[in-house]
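Visitor: Just passing along the structure, written as structure tokens.
Every read-out reported here was derived from the displayed coordinates using simple, explicitly stated rules and does not represent laboratory data. Bear in mind the structure is a predicted one, so any value in this text is a computation, not a measurement. In this analysis, Cβ positions are derived from the backbone assuming ideal geometry, glycine residues included, and neighbour counts consider all displayed protein chains.
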Amino acid sequence: MSSGPFAVWRWLRLFQDYSIFLEGLVITLVVAALALLLALALGIVFGLFSTSAIKPLRGVSRVYVEFFQNTPLVIQIFFLYNALPYVGVVLNVLVIGVLGVGIYHGAYVAEVVRAGIGSVPKGQTEAARSQGFSYIQSMRWIILPQTVTIILPPLANQAVNLFKNTSVLALIAGGDLMYRADSWAANGTLSYGPAYVVTGFLYFLLCFPLVTWARRHEAKIKNRDTLQVLVQTSLMGES
């Protein structure tokens with residue numbers, strides 16, 4: 001039907017205005033990239049804090065993780081956008097997006113780092129300390145290199161979630177992909193069907209390859225670990 005939500009003329013109009021969607025996609029990518037860097041930095045710091053022998057550092061990490069994991073991202077974004085101006089702090093919406101999404105996902109990255117460090121056998125840390133390595137040196141040269149391989153798949157999944165969560169910027173007129181799609185659709189013709197289909201497809205194109213890589217890398221790690229167990233079992237049987 002010519003007046004239906006997916007009428008041909010709606011698609012033709014969308015393709016004529018494709019630059020609007022591309023501009024929104026660029027903003028989404030920039031915010032996602034910067035937020036991911038922030039999340040990784042915070043996640044590594046607080047992940048190390050959570051495995052530290054210093055109790056106050058573990059406490060600080062726990063408070064950070066629990067607070068940001070157990071409060072909605074939308075509320076955190078609205079706080080930065082609506083509450084901070086009352087104390088004289090007015091931030092650009094893109095800065096709010098980077099800070100809000102980055103800090104929120106930093107809590108999840110911290111848990112990934114903590115779990116990765118915890119999965120490395122404690123005997124390796126003890127062996128490093130017996131050889132004179134400090135805590136920082138043992139982490140730098142022995143524990144973290146092994147941790148990186150282990151945590152890559154969950155980090156990739158966090159990157160995907162972070163990218164999708166940048167869509168909350170649409171709630172504060174952030175100019176991102178979701179905001180541009182919604183604004184374009186609402187501008188007179190109400191062409192929400194094509195706008196949301198194309199927007200969802202763009203998100204899918206960017207997220208699916210990363211998810212696929214994470215799944216394959218995780219399977220590779222499991223196969224390697226299984227092979228190591230079989231080899232060790234075989235050697236024990238021969239002895």
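Visitor: Report, by residue number, each residue of segment 26-57 that is surrounded by 15 or more Cβ atoms within 10 Å (Cβ to Cβ), over 17 Å from the mean Cα position of the chain (by Cα) and assigned to a helix (DSSP H, G or I).
Guide: Hits for segment 26-57 are LEU48, PHE49, SER50, LEU57.
Visitor: Considering segment 171-182 alone, what residues qualify as being in a helix (DSSP H, G or I), in contact (Cβ under 8 Å) with a residue 60 or more places away in the chain and within 14 Å of LEU22 (Cα to Cα)?
Guide: Of everything in segment 171-182, those that are in a helix (DSSP H, G or I), in contact (Cβ under 8 Å) with a residue 60 or more places away in the chain and within 14 Å of LEU22 (Cα to Cα) turn out to be LEU177, MET178, TYR179, ARG180, ALA181.
Visitor: Out of VAL112, VAL74, VAL101, VAL65, report the one residue that is loosely packed, with under 15 Cβ neighbours inside 10 Å, under 19 Å from the mean Cα position of the chain (by Cα) and assigned to a helix (DSSP H, G or I).
Guide: When all the criteria are applied, what remains is VAL74.
Visitor: Of all residues in segment 77-98, which are in contact (Cβ under 8 Å) with a residue 12 or more places away in the chain and either within 12 Å of LEU34 (Cβ to Cβ) or under 17 Å from the mean Cα position of the chain (by Cα) (or both)?
Guide: Result: ILE77, LEU94, ILE96, GLY97, VAL98.
Visitor: Here is a further query. Looking at segment 151-165, which of its residues are crowded, with 19+ Cβ neighbours inside 10 Å and over 10 Å from the mean Cα position of the chain (by Cα)?
Guide: The answer is ILE151, PRO153.
Visitor: Now a separate question. Test LEU48 against the criterion of being out of contact with any strand residue (DSSP E or B) (no Cβ under 8 Å at 6 or more places or on another chain), in contact (Cβ under 8 Å) with a residue 12 or more places away in the chain and closer than 29 Å to LEU171 by Cα, and give yes or no.
Guide: No; evaluated as a whole, the condition is false for this residue.
Visitor: Name every residue in segment 77-94 that is assigned to a helix (DSSP H, G or I), loosely packed, with under 13 Cβ neighbours inside 10 Å and of a type in the set (Val, Ile, Thr), in order of residue number.
Guide: VAL87
Visitor: (1) in a helix (DSSP H, G or I); (2) crowded, with 19+ Cβ neighbours inside 10 Å: which one isn't true of PRO209, the others all being true?
Guide: The single condition PRO209 does not satisfy is (2).
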